[in-house]
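Peer 1: Structure below; questions to follow.
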Amino acid sequence: SKLHPELMAEAKEKLKDPDKRRMAQDVARTWKDYCKLTRVEETVLYARLRGFKKLGLAFCVGLSQEAELFTNLLINEGFEVVSVCCMCGALSSDDVGLPEEDKIVPGFRQPMCNPIGQASVLDDCGCELNILLGLCVGDDTLFIKHSQAPVTILAVKDRVLAHNPLGALYTSRHIYT
């Protein structure tokens, strides 16, 4: 704040835009239940406060069961849900020109996720809020960059730490020193 006061002033000025102001107010409203709600519950509350009816779920194929559970929960909460799996569109590393030496098994087709395709599907379906569930590092970035609707993240993928990447930081004094 001290190093960039002009940027902080510009950021504050942007909150005069009615939609941005309302969005910020709705975020602040979720804090009434701080440390009382799970991330799932906060996501539902935020979507409800924003008045969203149609939610998009972009998920990793490895978290298909969790995506089904979350979709059912959202439907039971009264939302319309459009979900799209990371492997939509049948992309391969050949489609992005990955050199053979960089493939897991050189000489073979290596399937790839399609986060740009996921964002396109959810945008085309008119989703008002897109929720990410377990997209790979980088795929999440591409999705966020290409989504027209606002994006929130329910969970990130970390196969080693049971989808709890902060575990590496919490245990860093013991494992990584």
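The values are calculated or read from the model by the stated rules, or taken from the named source; none is laboratory data. For clarity, every value in this text was computed on a predicted model and none was experimentally measured. Glycine also receives a Cβ, built like all others from the backbone with ideal geometry; neighbour counts cover every protein chain displayed. These area figures cover heavy atoms from the full protein model, side chains too; ligands, DNA and RNA do not enter into them. Shrake-Rupley method; radii C 1.70, N 1.55, O 1.52, S 1.80 Å.
Peer 1: Can you pull out the residues in region 151-163 that are open to solvent by less than 50 Å² (accessible area, probe 1.4 Å) and farther than 16 Å from ARG39 by Cα?
Peer 2: ASP158
Peer 1: I need every pair where a residue in region 149-165 that is farther than 19 Å from VAL44 by Cβ and free of Cβ contacts under 8 Å to residues at least 12 places away in the same chain has its Cβ under 9 Å from the Cβ of a residue that is surrounded by fewer than 17 Cβ atoms within 10 Å (Cβ to Cβ) and of a type in the set (D, E, K, R), sequence separation at least 6 or different chains.
Peer 2: What qualifies is ASN164/ASP158; PRO165/ASP158.
Peer 1: Continuing with this model, one more query. Considering (1) at negative phi; (2) surrounded by 15 or more Cβ atoms within 10 Å (Cβ to Cβ), say which one ASN76 fails and leave the rest.
Peer 2: (2)
Peer 1: Say whether the condition of being crowded, with 19+ Cβ neighbours inside 10 Å, within 17 Å of the chain's Cα centre (by Cα) and farther than 22 Å from ASP26 by Cα is met by at least one residue in region 87-104.
Peer 2: No, the conditions are met nowhere in region 87-104.
Peer 1: Tell me which residues, restricted to region 65-106, are closer than 24 Å to ASP158 by Cβ, in contact with a strand residue (DSSP E or B) (Cβ under 7 Å, 6 or more places away or on another chain) and among the hydroxyl-bearing types (Ser, Thr, Tyr).
Peer 2: THR71, SER83
Peer 1: Please tell me if ARG109 is open to solvent by 70 Å² or more (accessible area, probe 1.4 Å) and within 14 Å of ILE153 (Cα to Cα).
Peer 2: Considered against the rule, which asks whether it is open to solvent by 70 Å² or more (accessible area, probe 1.4 Å) and within 14 Å of ILE153 (Cα to Cα), ARG109 comes out as no.
Peer 1: Here's something else I'd like to know. Which members of region 53-71 meet the condition of being part of a helix (DSSP H, G or I) and either in contact (Cβ under 8 Å) with a residue 60 or more places away in the chain or buried (at least 18 other Cβ atoms within 10 Å of the Cβ) (or both)?
Peer 2: Those that are part of a helix (DSSP H, G or I) and either in contact (Cβ under 8 Å) with a residue 60 or more places away in the chain or buried (at least 18 other Cβ atoms within 10 Å of the Cβ) (or both): GLY62, LEU63, GLU66, ALA67, PHE70, THR71.
Peer 1: Quick one: count up the residues across region 2-52 that are in a loop (DSSP other than H, G, I, E, B), open to solvent by less than 80 Å² (accessible area, probe 1.4 Å) and charged (D, E, K, R).
Peer 2: Here the count works out to 1.
Peer 1: Turning to a different aspect of this structure: Scan ARG50, ARG21, ARG39, ARG29 and give me the residue that is touching a residue at least 60 places away in the same chain (Cβ under 8 Å) and farther than 28 Å from ASP158 by Cα.
Peer 2: Only one candidate passes the filter, namely ARG50.
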